[in-house]
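Report on the following structure.
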Amino acid sequence: MSIRFGTSGWRAIIADDFTFANVRLVTEAICRYLKENSEGEAQSLIIATDTRFMGAQFAAVAAEIARRKGFRVLLCETPTPTPTISHAIRSEKASGGINFTASHNPPEYQGIKFSTADGAPALPEITKQIEGFIQNAAETADADGGSIEKYDARQNYLDDLKTKVRFDVIAAAKGRYAYDGLWGTGRGYLDKILRDNGLEVETIHDWRDVTFGGRSPEPGEDHLDELREAVKSKSLTLGLATDGDADRFGIIDANGAFITPNQLVALLTDYLAESRGWTNGVARSVATSHLVDRVAENRGLKLYETPVGFKYIGELINKDEIVLGGEESAGLSIRNHIPEKDGILACLLAAEAVAARGKSLTEQLDELTARVGKLESGRIGVKLTPEIAAGLKEILAREPSEIGGRKIEKINRIDGVKFIFADGSWMLMRPSGTEPLVRIYAESENKEDLEVLIEQGRRYLLD
C-alpha cells in the first residue's frame, strides 16, 4: 500500500492498512528523518496515544524501534490529549512526538500524527520526506544510548493553562458546567482543572470505550444530545466537549443552543482583543467563516487566510503574528500557546468569556453580529466515489463565470477551489485530508440562501 500523510497525519483502518508492519515502517521513517536532521546531538522523542483500540500496543512497538535507533523515548503512561503532547515536546525540548490518534475519525480507524520540535504538526515538506523514506523501506542502523522512560505530561500542561486562562475570573462567577469527554483523552484534564478551581462539573462518558459509543468521537451538534439535556435540565452555565484526542471542541450554551466553531472563533477573537489588549493579527483557514474577517476589521487586526490544516496556523503562532488562529472544524489556539489545536483551551476561554462579560455566548453573539453583521455557514460531505475521483481534478480546475446564476467575482485556489460571489457569499470545494470525501463549504447572509448555495455546489460537483 501507499502510506500518505494527510491534513493531520496518516490514518487508516485497523487491521486493514493500519498494521504493526506499517507502524514499524512509519516509525523507522520518522526516526530516519530526525537522525538526518539532528546535526548529531542526542535526541528524545515523546510517544503517546489516545483511547483507541490497540493504541498502547502500537505505541510500545514504536517506542522499541526508537529506542534501538538511539532515542530517549518518553512514553506516556496513559492516553494523552494532542495539545498536551505538543506542550510536552516543547517543555522537554524533544526532537518531536509520535501520537497514535485518529482524532475524530470513526472507531475502526487508527492514526499516527508526527509533530516536530516546535510542537506543531509536521509541515508537508517534512511529511513528503518521510513518505519517501517509507517507500524506500531502508532501515537505518541501530545506535547506542537509547532508552524508554515512563512519562506523565498532564500536570505541566495543566499548570501552563493556568498562565493562559483567567481562572480567577471563572471561579468568581461560580458557573456550573457539564463536560462530555466522548470517551476520549480530555477526561481528567478539562473537568479536573475546573474542579481544582472550585467549580462544579458533571462529567459525561467518563470512561474509556474504544468504540466511542459506536460512532465517531466528534463534538458536533448531532453528537451532544446528552450534554444539551444536562445543561438544560440542570440550568447549567455551559456544556463543554472535546473530541477523541481533545484537540477539537464543542460548546452548548445555557439555552441549549450549539455554538458553532465558526461562531466561537469569531467571538473569542473579539473577546481576546478586548480583554488582553492584543493587536496582532488573526488567522483562519480558507474554509472558515468570513465573520472572523469582519471582527478583525472591526478590531483593527490584520487577517491571515491559510490552507486547511492547523500546521499553517501554527506557523503564525510560532512567529507571534496572531492573537488567535481558528478553523471551522473546531481547531483553535492563541498567542503564546502551542502551535497546535487545543480543544481544552477553547472550552476554558469560552467559560472565561461568559464569566468576564456576565452574558451567555448567545447574548454575546447577538451583540457581535449587531455590530459587524450576521453570516450563516454550512458544509456537506460528498462521498469520493471512483467516478467523482476520476473527474475531480478537472472539475476543480474549471473557471466558470457564474454558478447557479451567481456571478463569480474571484476564484481562490489556496486550498481546493473557493468561489467568491459578487453578493459576498462564497463556496469552497476541496477533498478532505482525513476522510474519503469531497467537502463543500458555503456561507451567505441567511439560512435559506445558504441551503440553496450548498445545493448548487453539490450539483456543480456531480452534474
The lone exception for Arg176 - which of (1) closer than 16 Å to Ala351 by Cα; (2) without any contact (Cβ under 8 Å) to a residue 40 or more places away in the chain; (3) of a type in the set (D, E, K, R) it fails: (2)
The range 373-400 - residue that is small (Gly, Ala, Ser) and without any contact (Cβ under 8 Å) to a residue 24 or more places away in the chain and, of those, nearest to Leu450 (Cα to Cα): Ala397
From the options Ala370, Ala351, Ala355, Ala346, residue that is part of a helix (DSSP H, G or I) and free of Cβ contacts under 8 Å to residues at least 12 places away in the same chain: Ala370
Unmet requirement for Cys31, which otherwise passes all of (1) touching a strand residue (DSSP E or B) at 6+ places or on another chain (Cβ under 9 Å); (2) within 21 Å of Gly244 (Cβ to Cβ): (2)
Wholly enclosed helices (runs of 4 or more DSSP H) of the range 98-179 bearing at least 1 residues of a type in the set (Lys, Arg): 124-136, 154-161
Verdict on Val282 being crowded, with 22+ Cβ neighbours inside 10 Å, part of a strand (DSSP E or B), over 14 Å from the mean Cα position of the chain (by Cα) and not charged (D, E, K, R): yes
Any hit, the range 195-203, residues being of a type in the set (A, V, I, L, M), closer than 30 Å to Leu45 by Cβ and surrounded by fewer than 24 Cβ atoms within 10 Å (Cβ to Cβ): no
Leading residue by the ranking (nearest to Asp209 (Cα to Cα)) among those in the range 1-54 that are touching a helix residue (DSSP H, G or I) at 6+ places or on another chain (Cβ under 7 Å) and of a type in the set (Lys, Arg): Arg24
Selection from the range 118-133 of residues that are of a type in the set (A, V, I, L, M, F, W, C), surrounded by 17 or more Cβ atoms within 10 Å (Cβ to Cβ) and under 20 Å from the mean Cα position of the chain (by Cα): Ala120, Ala122, Ile126
Condition broken by Asp50, with the remaining ones in (1) over 30 Å from Gln155 (Cβ atoms); (2) buried (at least 23 other Cβ atoms within 10 Å of the Cβ); (3) acidic (Asp, Glu) satisfied: (1)
Subset of the range 212-233 that is charged (D, E, K, R) and assigned to a loop (DSSP other than H, G, I, E, B) - its residue that is nearest to the chain's Cα centre (by Cα): Glu218
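Residues are listed down the side, and each one gets a yes or a no for (1) modelled with pLDDT of 95 or more; (2) among the aromatic types (Phe, Trp, Tyr); (3) buried (at least 23 other Cβ atoms within 10 Å of the Cβ); (4) more than 20 Å from Ile3 (Cα to Cα):
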site: Ala60; (1), (2), (3), (4): yes, no, no, yes
site: Ala66; (1), (2), (3), (4): yes, no, yes, no
site: Val73; (1), (2), (3), (4): yes, no, yes, yes
site: Thr80; (1), (2), (3), (4): yes, no, yes, yes
site: Ile89; (1), (2), (3), (4): yes, no, yes, yes
site: Glu92; (1), (2), (3), (4): yes, no, no, yes
site: Thr101; (1), (2), (3), (4): yes, no, yes, no
site: Asn105; (1), (2), (3), (4): no, no, yes, no
site: Ile112; (1), (2), (3), (4): yes, no, yes, no
Set Arg413, Arg439: member being basic (Lys, Arg), within 21 Å of the chain's Cα centre (by Cα) and closer than 30 Å to Thr101 by Cα: Arg439
Selection within the range 293-316 - touching a Ser or Thr at 6+ places or on another chain (Cβ under 6 Å) and part of a helix (DSSP H, G or I): Val295, Tyr312, Ile313
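Conditions (1) within 21 Å of Val354 (Cα to Cα); (2) more than 18 Å from the chain's Cα centre (by Cα); (3) crowded, with 24+ Cβ neighbours inside 10 Å; (4) not charged (D, E, K, R), marked per residue:
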position: Ala178; (1), (2), (3), (4): yes, yes, yes, yes
position: Trp207; (1), (2), (3), (4): no, yes, no, yes
position: Val210; (1), (2), (3), (4): no, yes, no, yes
position: Ser235; (1), (2), (3), (4): yes, yes, no, yes
position: Phe249; (1), (2), (3), (4): yes, no, yes, yes
Which numbered condition Asn136 misses (of (1) surrounded by fewer than 24 Cβ atoms within 10 Å (Cβ to Cβ); (2) touching a residue at least 12 places away in the same chain (Cβ under 8 Å)): (2)
Given (1) in contact with a strand residue (DSSP E or B) (Cβ under 7 Å, 6 or more places away or on another chain); (2) crowded, with 24+ Cβ neighbours inside 10 Å; (3) at pLDDT 95 or above, index of the condition Glu321 fails: (2)
Counted residues, the range 36-73 - those being within 12 Å of Gly146 (Cβ to Cβ) and assigned to a helix (DSSP H, G or I): 6
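The values are calculated or read from the model by the stated rules, or taken from the named source; none is laboratory data. Just so it is clear, the structure is predicted and the values come from calculations on it, not from any experiment. Please note: Cβ atoms are built from the backbone with ideal geometry, for glycine as well, and neighbour counts cover all protein chains shown.
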